[in-house]
């Protein structure tokens with residue numbers, strides 16, 4: 001199942017890991033810049049959106065082949081209003097994956113972070129491209145029905161736990177840990193003032209994330225059941241490479257357990273440091289962050305600071321050779 005990448009003329013070797021990002025870090029302008037910088041990426045995006053535009057149009061959405069590549073790119077808010085933010089993240093990360101495969105060889109492992117699991121599973125062939133696009137849209141509908149808001153904190157997980165206690169919000173939970181300086185907390189009630197005031201009192205910066213819902217919280221079991229049914233309704237195929245999930249720190253196995261495992265992401269916290277280390281293997285030489293903003297690369301570099309594994313963020317490195 002594991003196929004190492006081949007040596008490339010650019011000097012990137014290797015057994016690599018492709019990291020598929022959550023939708024909350026999507027930067028539309030980075031897509032426009034990448035299509036102008038790399039003909040290979042532009043072609044990959046065009047081939048993918050040619051198929052997914054049919055899916056989006058059938059669901060009443062926009063045609064991303066044009067919307068994402070306009071001279072004046074759409075904002076995240078515009079993508080949210082059209083219901084295509086999740087699909088935009090899906091198609092863009094898959095285009096990056098295919099471009100990197102063409103230029104530098106296939107990864108040995110793919111790692112999905114939160115909603116990035118849908119693109120990661122599609123990249124591994126578990127879902128066809130069309131089914132993966134349908135699934136990304138339908139899963140987004142379930143996600144948007146999840147109550148609460150998410151707040152990013154510039155601190156460690158331990159500090160975040162103390163801030164939650166100080167806030168007095170007993171239902172708030174650490175939802176995502178990106179590194180020792182970046183954590184996201186889900187507040188299921190949606191009222192984030194107490195948490196932000198508690199953080200401010202300790203000098204910790206906070207930002208309410210742009211996605212208008214909660215996630216990775218134990219209260220979301222009803223939504224988990226709905227998502228399980230959605231995933232189960234699509235045909236699945238054996239994975240062509242290992243798929244790791246940062247939610248729950250699991251490795252997906254082929255078979256009937258996939259729908260439940262993917263649905264459990266809604267109630268399972270994300271531990272990116274542990275999952276990234278888990279996805280590395282003897283001989284791993286490079287991690288590619290497929291996030292348009294390069295945020296995961298920043299975390300990966302801190303996590304792997306004592307490692308010889310290189311980290312690259314193609315979208316945010318202007319000199320990167322696609």
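Side notes on the structure shown:
- Residue list for region 87-107, restricted to those being in contact (Cβ under 8 Å) with a residue 60 or more places away in the chain, surrounded by fewer than 21 Cβ atoms within 10 Å (Cβ to Cβ) and touching a helix residue (DSSP H, G or I) at 6+ places or on another chain (Cβ under 8 Å): 102, 103
- Condition broken by residue 254, with the remaining ones in (1) surrounded by fewer than 21 Cβ atoms within 10 Å (Cβ to Cβ); (2) under 26 Å from residue 124 (Cβ atoms); (3) in contact with a helix residue (DSSP H, G or I) (Cβ under 6 Å, 6 or more places away or on another chain) satisfied: (3)
- Residue in region 194-204 that is outside any helix (DSSP H, G or I) and assigned by TED's automatic domain parsing to the domain that holds residue 46 present: no
- Among residues of region 295-308, those that are in contact (Cβ under 8 Å) with a residue 60 or more places away in the chain and farther than 18 Å from residue 183 by Cβ, counted: 0
- When restricted to residues that are closer than 18 Å to residue 219 by Cβ, at pLDDT below 95 and in contact with a helix residue (DSSP H, G or I) (Cβ under 8 Å, 6 or more places away or on another chain), region 140-182 contains 2.
- Residue, surrounded by the fewest Cβ atoms within 10 Å (Cβ to Cβ), within region 16-29, restricted to residues that are modelled with pLDDT under 95 and in contact with a helix residue (DSSP H, G or I) (Cβ under 8 Å, 6 or more places away or on another chain): 27
- Of residues in region 273-296 being within 13 Å of residue 20 (Cβ to Cβ) and out of contact with any helix residue (DSSP H, G or I) (no Cβ under 6 Å at 6 or more places or on another chain), the one surrounded by the most Cβ atoms within 10 Å (Cβ to Cβ): 296
- Scanning region 130-139 for any residue that is more than 28 Å from residue 92 (Cα to Cα) and modelled with pLDDT of 95 or more turns up nothing.
- Listed here are the helices (runs of 4 or more DSSP H) enclosed by region 90-179 that have at least 2 residues being in the same structural domain as residue 39 (by TED's automatic domain parsing), under 25 Å from residue 289 (Cβ atoms) and touching a strand residue (DSSP E or B) at 6+ places or on another chain (Cβ under 8 Å): 116-123.
Table: residues versus (1) crowded, with 20+ Cβ neighbours inside 10 Å; (2) more than 20 Å from residue 212 (Cα to Cα); (3) free of Cβ contacts under 8 Å to residues at least 12 places away in the same chain.
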position	(1), (2), (3)
156	no, yes, no
161	no, yes, no
165	no, yes, yes
174	yes, no, no
194	no, no, no
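Quick grid of which residues meet (1) at pLDDT 95 or above; (2) in contact with a strand residue (DSSP E or B) (Cβ under 9 Å, 6 or more places away or on another chain):
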| site | (1), (2) |
| --- | --- |
| 245 | yes, yes |
| 259 | yes, no |
| 281 | no, yes |
| 300 | yes, yes |
| 306 | no, no |
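- When region 74-86 is filtered for residues that are part of a loop (DSSP other than H, G, I, E, B), touching a residue at least 24 places away in the same chain (Cβ under 8 Å) and surrounded by 15 or more Cβ atoms within 10 Å (Cβ to Cβ), the ones remaining, listed by number, are 74, 83, 84.
- Checking residue 32 against (1) surrounded by 19 or more Cβ atoms within 10 Å (Cβ to Cβ); (2) modelled with pLDDT of 90 or more, the condition it does not meet: (1)
- From the list 57, 71, 46, the lone residue that is surrounded by fewer than 21 Cβ atoms within 10 Å (Cβ to Cβ), in the same structural domain as residue 250 (by TED's automatic domain parsing) and not in a helix (DSSP H, G or I) is 71.
- Taking the listed residues 288, 281, the one that is closer than 14 Å to residue 109 by Cβ, under 14 Å from the mean Cα position of the chain (by Cα) and either without any contact (Cβ under 8 Å) to a residue 12 or more places away in the chain or not in a helix (DSSP H, G or I) (or both) is 288, with no other qualifying.
The values are calculated or read from the model by the stated rules, or taken from the named source; none is laboratory data. This structure is a prediction, so every number in the text was calculated from the model and none was measured. Don't worry about glycine lacking a Cβ; one is built from the backbone with ideal geometry, like all the others, and counts go over all protein chains shown.
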